[in-house]
Structure formats: C-alpha cells, structure tokens
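The values are calculated or read from the model by the stated rules, or taken from the named source; none is laboratory data. Predicted, not measured: the structure shown is a model, and the values here were computed from it. Don't worry about glycine lacking a Cβ; one is built from the backbone with ideal geometry, like all the others, and counts go over all protein chains shown. Accessible surface areas use protein heavy atoms only, side chains included; no ligands, DNA or RNA. Shrake-Rupley method; radii C 1.70, N 1.55, O 1.52, S 1.80 Å.
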Amino acid sequence: MDVDAYMAGQRSAALLLVHDGKLRLERYGLGFDSSGRWTSFSVAKSLTSTLVGAAIRDGHIRGLDDKVSDYIPQMKGSAYDDVSIRQLLTMTSGVRWNEDYADPNSDVARFHKHQPEQGVDALVSYLRRLPRDVPAGTRWHYSTGETNLVGILVRHRHRPARPRLRLPVVDLRRRQFRGTRRVRSRHLHRSEAQARDRHHRQLGRGGKRPCHQRGARGLLPRGAEGSR
C-alpha cells in the first residue's frame, strides 16, 4: 500500500517523517495543506516548559528550585508560596485542583470565568485561593492551571526583553516561523498553541539548533536535555 492510500484509509490529515533531523516525507490529506495551523492542545505544555529553560539560560530565572512567589509576588501567602518552579513544572505542587472537564464546577471549568481583583491576573487571582491538598513534592497531579501559571512567570521575567523573546523558539523562528511573527500573542496560549506541522516538528527537536540555520543557539541550559 502506498502512503497516499494508507492516509486515505486512516483518514489522516497530515503525515511527517523525520530522520536524522531532516524532514524526509511530508504529505497531507482531507483537504489540508502545509499552510494550515493546527491546535497543539496540551503539547504546548512542553513549549511553555522550554521557555523556562530559555529564561534560565538567558539569566532571567536563577534556577528551578527558586520559589514561584519570588517571581510572582501576588502568590505570597497562598498555598503556592513555598512551591518551587521545578514542582510547578512537574505538577507536584500539592495544591488542590480538579481537572474534570465533565464537571461544570471543576477548577478547569471555573478559572476561565473567574473575576479577579483589580490589577491581578485572573489566573493568579484564582490559583492563590486554592487550598493545599498534600505537601509539595509528594504527589503528581495533572493541572493545566499550573502550566498557565508557568506561562505567567515566564512572561513576567521576559517582559524587559520582549522584542527578542517574542518566542525564544523563533530562532527556531526566522526561517521556520516566517509569516508568523506574532506567534507569541496570537498563536500561543500557555497550554496550547497553533502552528504549522513543520513548526510542531521543530519543537520536537528539543530546542536544539535548527538545521541549516547559522548563528542560532539552543534554547535550553547546557546539560538540561539530558535531565528530562
């Protein structure tokens, strides 16, 4: 069976094959083509985490064991006050969170509708009210809210250098994201992103220097890739 027949039988919209860092095959179906953007959903959580690595490399964040409240002062006095960036990234904060999408009263349903205090980000306002469930670092619990909080942390630390950091991946960018210069504001949410298939592929390379791109640096601090 050839590739096109296989894709038609599977009702596949896109198929990319990467070997030794090079794109070997790129096919589309169901009326899609290479110009379309795809919503990553929670795959973008990896992108948000990668931005933390870039911020550490560039000196905007000292290290993963710093406290979240050191960078987001509004979290002081909350259950997140003693939570480290590492625990936030690994979803081991121990703060209570309900991610039941079928429950209209779950946190993941309610935080989008939360009315914050004046001058406070809506997510920060919501999360700082949540109670502690278990000690930090003792249990993994899936939380979209915590990835969104990582996004706020990165945004706060990168604000002075916004022109360069309108995605650090965009030096995955000048070539690969051509025509998508506002990717940071228009196409990237803290827990999901919209990008073309080739751009999703680039993220999958782990923030390393893109092929054929002169002068580009990797996104992560030295040694970070081996510690994942």
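Structure summary
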quantity: The stretch 1-54, residues that are open to solvent by less than 30 Å² (accessible area, probe 1.4 Å) and within 30 Å of residue 87 (Cα to Cα); calculated: 40, 44, 45, 47, 48, 50, 51, 52, 53, 54
quantity: Cβ-Cβ under 9 Å pairs, at least 6 apart or on other chains, the stretch 100-129 side in a loop (DSSP other than H, G, I, E, B), far side of a type in the set (Gly, Ala, Ser) and exposed (fewer than 14 other Cβ atoms within 10 Å of the Cβ); calculated: 128/77
quantity: Single residue of the stretch 120-159 satisfying the filter (polar (S, T, N, Q) and touching a helix residue (DSSP H, G or I) at 6+ places or on another chain (Cβ under 7 Å)) that is farthest from residue 84 (Cα to Cα); calculated: 144
